[in-house]
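To keep things clear, I will list the structure first and then write my remarks on it.
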Amino acid sequence: MSATALPEGITGIHVLPADHHDGPWDSIITPPGLKDRLLGTALLVLRHGRRLKQMSGTPHGLVVLTGPPGTGKTTLCQGLAQVAALAVSRRGATTFVEIDPHAFPSEMLGESQRAIRRLFTDTLPELAARRPHTIVLIDEVEAFAVRRSIASFETNPADVHRATDAVLSGLDELRASSPHVLLLTTTNLTVAVDEAFLSRADLVLEMEIPDEEVLTRILRSSLTELAVQWPGLRPLSEDEALHTKLAGRCAGFDGRRARKAVLSAIAQRPDLAEDPERLTIDDLFTAIESERSVR
Ligand SMILES: Nc1ncnc2c1ncn2[C@@H]1O[C@H](COP(=O)(O)OP(=O)(O)OP(=O)(O)O)[C@@H](O)[C@H]1O
Ligand SMILES: [Mg+2]
């Protein structure tokens with residue numbers, strides 16, 4: 001579907017599973033158990049959402065991933081959509097809908113409220129009727145469900161408050177009309193997300209700055225990816241003791257920064273950029289040190 005044909009606020013509609021969506025799930029390295037909880041919640045909603053609607057304490061089908069920038073929230077949601085779609089594929093395809101909460105204008109009185117209402121009461125239920133499974137990603141949801149208790153009426157016009165109210169009632173309506181829709185949301189500003197929105201979540205997962213063990217695996221994974229392109233780097237990618245030492249120097253880095261440090265190692269000098277196979281252990285340590293010093 002071309003960008004112009006997409007409904008208001010929607011930046012992408014994909015049919016999953018699709019081969020080119022393989023990758024993100026495995027690329028994000030998490031502590032044990034985290035991916036199981038995510039996939040478990042996703043499958044429960046996709047497979048049994050309609051049945052669970054009959055029970056008290058109905059799930060909202062809402063997952064919130066919180067955590068600092070660069071901890072893999074968006075990528076993990078994209079990956080989850082693909083693995084969940086694969087797991088339910090015997091029963092049919094999945095529509096994956098991406099929403100940009102910044103696309104709802106707040107300057108015009110009442111306009112964003114109406115647009116959000118249309119999204120939850122018309123657009124999403126219509127999309128959900130197309131295929132047996134539907135997953136919706138709202139990235140940076142704090143722009144959408146602004147916490148009303150801290151949003152001042154001066155800096156946040158009344159319309160923002162009404163937009164948050166519209167999101168909350170929209171969620172309730174979507175739950176009633178389409179209980180099998182899975183809503184994935186991310187934020188790096190949990191304090192800015194409305195409490196009533198968070199309380200509707202079936203799962204709030206905190207993505208943390210990686211510890212040394214996870215950093216070691218991220219660095220190994222980045223070096224392994226480089227070695228696929230430049231086989232001469234295989235010794236560096238297989239040196240587990242080196243990965244642990246490098247991770248020790250990356251303490252406090254988020255995942256994005258750790259991966260960037262490896263890439264920046266081959267961008268340090270023209271000769272390395274020309275021929276990455278010349279990368280040495282010293283180059284890696286130097287790149288990490290300069291990454292540490294700039295931030
Ligand atoms: N735990 C991790 N394991 C491996 N790679 C990671 C991890 N966390 C982040 N990355 C790398 O950082 C990149 C950026 O991650 P992503 O954009 O998903 O983070 P985010 O949490 O959504 O950040 P932001 O809050 O800034 O939007 C990923 O594509 C991935 O390469
Ligand atoms: Mg993100």
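Structure values in brief
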read-out	value
Degrees between helix 281-294 axis and first principal axis of the chain (Cα, 0 to 90, nearest 10)	50 degrees
Rg and Dmax of region 105-238, Cα atoms only, in Å	20.5, 61
Burial ranking of peptide ranges 31-39, 184-192 (average Cβ count within 10 Å, highest at the top)	184-192, 31-39
Three-way shape call for region 212-294 based on the alpha-carbon gyration tensor, with the a/c threshold at 1.5	oblate
Per-peptide average of other Cβ atoms within 10 Å, ordering 18-27, 69-78 highest first	69-78, 18-27
Angle between the chain longest axis and helix 255-265 axis [Cα atoms, degrees, rounded to 10]	30 degrees
Sulfur and carbon atoms: percent of accessible area, the chain [1.4 Å]	52 percent
Square roots of five times the Cα gyration tensor eigenvalues for region 1-136, Å	25, 19, 17
For the chain, share of DSSP beta bridges that run antiparallel, in % to the nearest 5	25 percent
Relative contact order for region 195-288, counting Cα pairs under 8 Å that sit 6 or more residues apart, in percent	30 percent
Surface accessible to a 1.4 Å probe, per residue, for the residues of the chain, Å²	48 Å²
Value of [θ]222 nm, deg cm²/dmol, for the chain, DSSP H segments ≥ 4, -39500 (n - 2.57) each, nearest 500	-14000 deg cm²/dmol
Alpha-carbon spread of the chain, three principal axes, descending order, Å	58, 51, 38
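The values are calculated or read from the model by the stated rules, or taken from the named source; none is laboratory data. Everything quoted here is computed from the prediction, not taken from an experiment. Positions of Cβ are backbone-derived with ideal geometry, glycine not excepted, and every protein chain shown enters the neighbour counts. Ligands, DNA and RNA are stripped out before the accessible areas are found, and what is left, the full protein with its side chains, is counted by its heavy atoms. Shrake-Rupley method; radii C 1.70, N 1.55, O 1.52, S 1.80 Å.
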